[in-house]
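Bear in mind these aren't lab numbers, they're just calculated from the coordinates by the rules spelled out. What you are looking at is a predicted structure, and each value in this text was computed from that prediction instead of being measured. As a convention, Cβ positions derive from the backbone with ideal geometry for all residues, glycine included, and neighbour counts pool all protein chains shown.
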Amino acid sequence: MTAECDFLVIGAGSAGCLVARTLDLHGYKVRLVEAGPPTPPLRRPVDYLQTFGTEQDWRFRTVPQPGLAGRRLDQPRGRGPGGSTRINAMIWYPPRDADLQRLHRAGGDDWSPNRLAASLTAVTQAVSPQPPRWLSETARRFLSRSTAEAVDPPHAFARMADRQGRLTAADLLADRPTIETIAAHVDRVLFGDDPLAKPHSIDLSPTRAVGVLVHPHSADATCEERNSLPLFARHGVILCGGSFASPSILLRSGIGAPDAIAAHGLKPRIAINAVGQNLVDHLIMPITFATSGRDRFPTPLSTADLARWQIAATGPAASNLAEAGAIYSLNSASSSGREFQVHVTPTHYLLYPDRRAPAAMTVGINLCQPRSRGAVDLAAADPFTPPLIDPGYLTETTDLDDLVAAVIQVRQLVAAGSLATGGGAELIPGGTKTTVAAIAKAVRRFSQTLYHPCGTCRIGVDADSVVDPDCRVRGTESLHVIDASVFPEVPTVNPNATVMMIAHHAATRLAASFDAAS
Ligand SMILES: Cc1cc2nc3c(=O)[nH]c(=O)nc-3n(C[C@H](O)[C@H](O)[C@H](O)COP(=O)(O)OP(=O)(O)OC[C@H]3O[C@@H](n4cnc5c(N)ncnc54)[C@H](O)[C@@H]3O)c2cc1C
């Protein structure tokens, strides 16, 4: 296939769809390459947990986490058009001032809050976030108390939704028919000196990205049957595979720590030790309370609940489970103003949707800015082998100390009546777990990913960063990474709105640079 397009965008997730849309609106011919099958997403908000472990999910797992008592955590990632917006909790939380300041510090003046404002407005208009169409009794009770202690008071989360329910990033391409989407799994980037590129490339520079090598999607193909195919682009390749796939594609392309690449029999091309490093994720600790049977969130949904959804798009089927939340400043002396977020769900966090789960509600707590860092690395050169994911949860002892302090603080808020739970007994960690040691043990045992991995191709003005302020991979021409992996740190809140904002901003800058050159 020859260079029929201007840009190849790899991954049709939150960032990839925004990048493709923005470049298309600027008049560039875009091919969007997505590994997952083009099956329609589940639109009923409550159904997203059902996508885990299916073909809509990459079904990744972490390596054993010493900070979590040796547990391995599932790491769901959306697969198919829309990426993780196919399977996420739909919460639309705009970046806070601290998040904009961090991007400014990392990316320099081109990433100042003023420059980002236009992109935040543009994506907010495109998405048009909606208030929830239904709230559980649990969420209503939580919202009935406005606590003076909260930095961001209890509120129902806005959603990425429309009248049909879930809105995915791919839905934002419905009015852009000129974008061509190809169902294929990207192996690696092709550079000008690649034997596959030579017949097509006018620029044979070893640092110029001219295309990618893909394996077209076929659900039934065995490993041996998967044929590879080169795709080419005139202006460049933009990786939007997310925090696990983008660094993996770079490593398979020879970009990363040379020893790690050579260890898999691959040829190192450009040495950037930071590729795959700096992995950071929100870790959520559930504090679960018994509720009355009357408040039990229905599972399975009744016929009447299903009819309510079909007729009026309301009722429990319209719940995203993580319906409401707030942000608090830690009040422990040692935590120097660190913040934690709570997500309130009308369910037993660990047992729902098992129909035997008891009637319960959960206050899930996570530090807004965890300090622990991990890494993602190749497990093998084969593009279908899942990467080694080591988020390094709780490797910084202050993260464990401060999560314990947050558990204690939430209990104090509940006891003071400032955080309404319904008055039932605490099931997790459990009312008898009162010492710091017992709470710490529970945090290690019960915490889960909040599904927000970031940072593995971090942006920076410094020479050690993976991408420069244009999101261009250092040492390359025409190879960019634009997705959650470029965040220097995880946003303090649910990151999807911020991912879409940076995608719009970076793609607008990229288009402008080509507009100016032509
Ligand atoms: C279960 C879950 C719940 C979440 N809830 C929320 C929430 O409520 N609110 C919020 O703000 N954030 C939430 N998040 C996080 C948010 O969805 C992500 O941060 C965001 O979608 C990341 O965007 P991205 O573009 O970096 O990656 P993704 O959206 O994951 O997109 C990456 C795309 O690349 C494709 N891809 C990967 N590898 C290849 C390859 N080799 N070849 C071709 N294509 C490839 C993938 O299939 C995918 O479509 C949640 C995430 C999950 C998983």
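When the dipole is taken about the Cα centre of segment 318-376, and only Lys, Arg (+1) and Asp, Glu (-1) are charged at their Cβ, what size is it in debye, to the nearest 20?
200 debye
Quick one: Cα centre-to-centre distance for segment 269-297 and segment 185-202, in angstrom?
If you average the Cα positions of each part, the centres end up 37 Å apart.
Show me the ranking of peptides 492-505, 108-121, 84-97 by mean Cβ neighbours inside 10 Å, starting with the highest.
Peptide ranking by packing, descending: 492-505, 84-97, 108-121.
What is the gain in length, in nm to one decimal, between Ser144 and Val63 on full extension, counting 0.36 nm per residue of separation less the C-alpha to C-alpha distance?
Working: separation 81, 0.36 × 81 = 29.16 nm, distance 4.10 nm.
Additional length available on full extension: 25.1 nm.
Quick one: Cα centre-to-centre distance for segment 416-478 and segment 60-123, in angstrom?
11 Å
Pull up all non-local amide H partners of Glu323: gap of 5 or more, or a different chain, and H-to-H distance under 5 Å with H placed in the peptide plane.
Hits under the 5 Å cutoff: Val344.
Any idea how far apart Lys433 and Ala333 come out in nm if each label point goes 7 Å out from Cα toward Cβ?
If labels sit at Lys433 and Ala333, their model points lie 2.6 nm apart.
Run the quick spin-label model on Leu351 and Ala512: label points 7 Å from Cα toward the beta carbon, then report their separation in nm to one decimal.
It is 5.5 nm.
Per residue of segment 367-381, in order, report the coupling 6.51 cos²θ - 1.76 cosθ + 1.60 (Karplus, θ = phi - 60°) as ³J(HN,Hα) in whole Hz, putting x for Gly and Pro.
5, 5, 10, x, 9, 5, 10, x, 7, 10, 9, 6, 8, 6, 6
How much mean residue ellipticity at 222 nm does the chain get from its helices, if each DSSP H run of length 4 or more adds -39500 (n - 2.57) and you divide by all residues, to the nearest 500 deg cm²/dmol?
Helix contribution divided over all residues of the chain: -7500 deg cm²/dmol.
So for the chain: antiparallel DSSP bridges make up what percent, rounded to the nearest 5?
Bridges in the chain that DSSP calls antiparallel: roughly 70 percent.
Binned at 10 Å from 0, what are the whole-percent values of the Cα-Cα distance distribution for the chain, short to long?
4, 19, 30, 26, 14, 6, 1, 0
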